[in-house]
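Student: Supplied in structure tokens, the structure appears directly below.
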């Protein structure tokens, strides 16, 4: 039981620190970059992984058939090999030493060209476009996120506290609602004016 608690604690600590991004979003210095990370993760990277998983499952099944890997264990081993191939960690001798070396090498080359070269560069290009779009409208997006966070904090407040804070700035005059503004008065200025009037 303790080992499960340790693993859960490891994930929750990561999520907790990731929640700090919410608190640095309202600042103009870091807000646009946080928005950029969110857009890249949930738009570009998500689309990349959806397409990549399709190719990963297909190539893994092909290699599983070529290397006579039966059952779930053999299929998971093929998925592991394909994923390591994405990172550039593949053993060419393993593919050559199989029962169908030529077909295995051709599929491996096709996989490397399609995934490592084409899809990864496509992901980098999409991230570059996202960076350009966010940078172009960084100030507007920052103001939007700042207003959204303020609204979220306001909605999380109790109704009584929210109304009490609301009445500090608004006052009803007749049937109209007006905003009241406090203006600081310099007493010394009035005192100087009165002294000048008395001297005259």
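Every number here is computed from the coordinates shown, using simple stated rules; none is lab data. For clarity, every value in this text was computed on a predicted model and none was experimentally measured. When we count neighbours, we look across all protein chains shown, and the Cβ atoms used for this are built from the backbone with ideal geometry, even at glycine.
Student: In percent, what relative contact order does segment 57-99 have, based on Cα pairs under 8 Å that are 6 or more apart in sequence?
Tutor: Once divided by the residue count of segment 57-99, the mean separation gives 41 percent.
Student: Give me the percent relative contact order of segment 1-91, please, defined on Cα pairs under 8 angstrom at least 6 residues apart.
Tutor: Worked out over segment 1-91, it gives 15 percent.
Student: Moving on to the next point. If eta is 1.306 mPa s and T is 10 °C, what Stokes-Einstein diffusion coefficient results for segment 44-85, Kirkwood Rh from Cα pairs, in µm²/s?
Tutor: For the chosen part, D equals 152 µm²/s.
Student: Sorted from fewest to most neighbouring beta carbons within 10 Å, what does the list 44, 175, 93 look like?
Tutor: Least to most surrounded, the residues fall as 175, 93, 44.
Student: Percent relative contact order of segment 2-159, based on C-alpha pairs within less than 8 angstrom and at least six residues apart?
Tutor: About 33 percent, as a whole number.
Student: Over the Cα atoms of segment 111-160, what is the Rg over Rh ratio if Rh follows Kirkwood?
Tutor: 1.37
Student: Could you work out Rg/(2.2 N^0.38 Å) for segment 1-42, with Rg from alpha carbons only?
Tutor: Cα Rg divided by the expected 2.2 N^0.38 Å: 1.55.
Student: Something else: For each of 64, 82, count neighbouring Cβ atoms within 10 Å of the residue's Cβ, then give the residues from fewest to most.
Tutor: Neighbour counts put them in this order, fewest first: 64, 82.
Student: With a 10 Å radius around each residue's Cβ, average the other Cβ atoms per peptide and rank 26-34, 146-154, highest first.
Tutor: Final packing ranking: 26-34, 146-154.
Student: Quick check: from the Cα gyration tensor, does segment 1-142 come out rounded (a/c under 1.5), prolate or oblate?
Tutor: Oblate.
Student: Sticking with this structure for a sec: Please rank 77, 104, 156, fewest neighbouring Cβ atoms within 10 Å first, as an exposure proxy.
Tutor: 156, 77, 104
Student: Something else now. Suppose R0 equals 45 Å. What FRET efficiency, 1/(1 + (r/R0)^6) with r the Cβ-Cβ distance, do residue 9 and residue 93 give to the nearest 0.05?
Tutor: 0.60
Student: Report the extension gain between residue 28 and residue 140 in nm, rounded to one decimal, defined as 0.36 nm multiplied by the number of residues separating them, less their alpha carbon distance.
Tutor: Extra length from residue 28 to residue 140 when fully extended: 39.3 nm.
Student: So what are segment 36-114's ellipsoid semi-axes, whole angstrom, largest first, if each one is the square root of 5 times an eigenvalue of the alpha-carbon gyration tensor?
Tutor: 27, 14, 10
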